[in-house]
Amino acid sequence: MNDAAKVAPFNAQLKRHGIGVIRGVVPSTDASKWVEETKHYLETKHEYKPPLAQDPTCFDFFWTPAQVRSRAHPHVLQAQRFAMSLWNTNNDDRLATRFPITYADRIRIESVSNGEFTVNGAAQASHEDSLIAAAAAASSAQIAQVDNGALERWEQDGYGRGGLYDAIFKGDWESYDAWDPAGRVNATPDLYNGAGACSMMRLFQGILALTVVEPGMIRLLPSPKLSTAYFLLRPFFAPKEGPPEQGASTEEWDKYLDASNWTLEKEQSTIIHGAVPGHAQRVTAAWHPHLQLDKSLVTPPTLQAGDYIIWHPDQAYQFSNTNYRSTSRPQTSSSTGSVSVAAAPPSGDMTSMLVYTPAAPLTQTNALYLARQRKAFLRGHPGPDFDSTGTGLGSEAPHTGRLTEKDIREVGGEEGLQAMGLAPWNLSPARTSSHKHAPPSSSASSGKEKKDADAEFMDVDAPSRSSSRDSRSSSTSLAEAEVVRLANIILFPDRYDFYMPTRASSPVPTSRDRGEKERERERERDRNNKERENKDRDKDRDKGKDRDK
């Protein structure tokens, strides 16, 4: 990540397609330990809210060992810092990308034991037997979703607060910069307080693979600029002639999609295609036919344990209910690394595990959310966004082995604590580098080079090498300094004075020092008053002399 020859093409491809994979962020040995630790942790939990039938592998757990350790890992924070540094920021933007913070999201777990799918150790009906899965299998319709709000993208009180999409709505979509974060800082992406709606500003959606993830589990729609412009403008247009029947010829579909068949509606309706209050934005083949989701959704390559995939926050994506595209389930040989295909679920035990790991910068709004999230972590409660409506997700407080602040420090040091809002930020040049607290096991695995990586895929460097972007400059913009100042005040009001200097954070003085400073300020005021009185007396005396003359 400090090799300009690799960063330049990665940056270009990332901004063109909106998708990137950073290889080997977490050593595979660490990932395997976390998986086993998490499995044991979940065995102590017998009362939980089952996942939704249409997404049976997404669990509402937030503080499992895999989640807590991965969020604090120095290489994960380094990768997030690197990725966010690629945005088109300037010194006036009120955010600090050098300080990635944690957004506690959910976890995806799929377990197979003796050929049966299991949830928390209990056998479940296979995905193929699920009514929803069966309906999905029988339908050719494609559905993808875009996180971080739905109707909010059209609302003046949502993303309109920062004018993020103004260029698109004014018809000048070509000038829209999908990588300018300025319009996102003051946006409100959760006007309707829906369960799972995100109220934190995220610059990347992300997933950390803790086991091998085969192609097909996640599919993404490339080009955030083009796809965003299309689905934002879609509600303003209507076809002159409706879509052809199922099974129609290519010529009929081409005629339907042709620009001449679409017109700007003179009288606009209240229909916003795929947008429902409190839910994610849906992008579908029926509502957004020009996206041709059956052809345009791309499948990332196989993710190895420890790989980190990121995508633009406006990017549409689609998850499969299982780690495999069909009942044919690829199996990786541990001895040769080759992949074979079995015709049925494996007879042994197998666990697939992914951790949602978005990249979020430090902002004033994000610090406010981080304060609530920190309290949830300390109490073992769900992430604030995920139980805002009282859906009863339950608490992880009773779990045996629930990780604490001490564990975060052991994994990520001061930076890991800062990411969770458990330690203040410091803008001094001597700020701890991202690799200082790397665990001992990191050096062995991160030294492996992946020679065949393509321009869109980057390897994390060994801990002995620091990213040039991590230590870009000791200079700090006034806007960034102000963000850090406010964040420290929000999260540590008992330690930081509201009127502290903007250049660097300074602890609140002790009561004795504070009293002495108050007395010094009073003496200073007295001196100033006396000086003013003396000046006024001198002026009056001079005026009297002038009158005598």
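Out of region 158-176, which residues are open to solvent by 60 Å² or more (accessible area, probe 1.4 Å) and assigned to a loop (DSSP other than H, G, I, E, B)? Outline the logic, then answer.
First, pick out the residues of region 158-176 that are open to solvent by 60 Å² or more (accessible area, probe 1.4 Å): 161, 166, 169-170, 172-175.
Result: LYS170, ASP172.
Are there any pairs, at least 6 apart or on different chains, whose C-beta atoms fall under 9 Å, with the first in region 2-20 and among the hydrophobic types (A, V, I, L, M, F, W, C) and the second open to solvent by 50 Å² or more (accessible area, probe 1.4 Å) and part of a helix (DSSP H, G or I), and if so, which?
Qualifying pairs under 9 Å: ILE19/GLN13.
Can you tell me which residue is modelled with the lowest pLDDT among those in region 268-278 that are surrounded by 13 or more Cβ atoms within 10 Å (Cβ to Cβ) and of a type in the set (A, V, I, L, M, F, W, C)?
Result: VAL276.
Only one residue in SER139, SER111, SER85 is surrounded by fewer than 22 Cβ atoms within 10 Å (Cβ to Cβ), over 30 Å from ALA178 (Cα atoms), at pLDDT 75 or above and not aromatic (Phe, Trp, Tyr). Which one?
Numbers: SER139 fails: at pLDDT 75 or above; SER85 fails: over 30 Å from ALA178 (Cα atoms).
Just one listed residue meets the conditions, SER111.
This table checks each residue for (1) in contact with a Phe, Trp or Tyr (Cβ under 8 Å, 6 or more places away or on another chain); (2) more than 26 Å from HIS17 (Cβ to Cβ); (3) surrounded by fewer than 13 Cβ atoms within 10 Å (Cβ to Cβ); (4) aromatic (Phe, Trp, Tyr).
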residue	(1), (2), (3), (4)
ILE207	yes, no, no, no
GLY216	yes, no, no, no
PRO235	yes, no, no, no
PRO244	yes, yes, no, no
LYS255	no, yes, no, no
LYS266	no, yes, yes, no
ALA280	no, no, no, no
ILE310	yes, no, no, no
PRO313	yes, no, no, no
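Return the residues of region 474-496 that are surrounded by 15 or more Cβ atoms within 10 Å (Cβ to Cβ) and assigned to a loop (DSSP other than H, G, I, E, B); say none if nothing qualifies.
Matches in region 474-496: THR476, SER477, PHE492.
Does region 93-108 contain at least one residue that is open to solvent by less than 20 Å² (accessible area, probe 1.4 Å), in contact with a Lys or Arg (Cβ under 9 Å, 6 or more places away or on another chain) and small (Gly, Ala, Ser)?
Yes, because at least one residue in region 93-108 is open to solvent by less than 20 Å² (accessible area, probe 1.4 Å), in contact with a Lys or Arg (Cβ under 9 Å, 6 or more places away or on another chain) and small (Gly, Ala, Ser).
Confirm whether TYR369 is open to solvent by 10 Å² or more (accessible area, probe 1.4 Å) and modelled with pLDDT of 80 or more. Before you say what the answer is, go through the steps one by one.
On the way: open to solvent by 10 Å² or more (accessible area, probe 1.4 Å): no; modelled with pLDDT of 80 or more: yes.
No, not satisfied.
If I ask for residues that are open to solvent by 20 Å² or more (accessible area, probe 1.4 Å) and in contact with a Phe, Trp or Tyr (Cβ under 7 Å, 6 or more places away or on another chain), which ones from region 20-42 would you list?
ARG23
For region 258-314, what are the residues that are polar (S, T, N, Q), outside any strand (DSSP E or B) and either within 25 Å of ALA360 (Cα to Cα) or touching a residue at least 60 places away in the same chain (Cβ under 8 Å) (or both)?
Listed by number, the residues that qualify are SER296, THR299, THR302, GLN304.
What pairs can you find where one residue is in region 394-417 and without any contact (Cβ under 8 Å) to a residue 40 or more places away in the chain and assigned to a loop (DSSP other than H, G, I, E, B), the other is of a type outside the set (A, V, I, L, M) and surrounded by fewer than 17 Cβ atoms within 10 Å (Cβ to Cβ), and their Cβ atoms are less than 8 Å apart, with a gap of 6+ or different chains?
Listed pairs, sorted by first residue: SER395/ARG379; SER395/GLY380; ALA397/ARG379; ALA397/GLY380.
The values are calculated or read from the model by the stated rules, or taken from the named source; none is laboratory data. A quick note: this is a predicted structure, and the numbers were derived from the prediction, not measured. Cβ sites come from the backbone with ideal geometry, for glycine too, and all protein chains shown count toward neighbours. Keep in mind that these areas ignore ligands, DNA and RNA; they rest on the heavy atoms of the full protein, side chains included. Shrake-Rupley method; radii C 1.70, N 1.55, O 1.52, S 1.80 Å.
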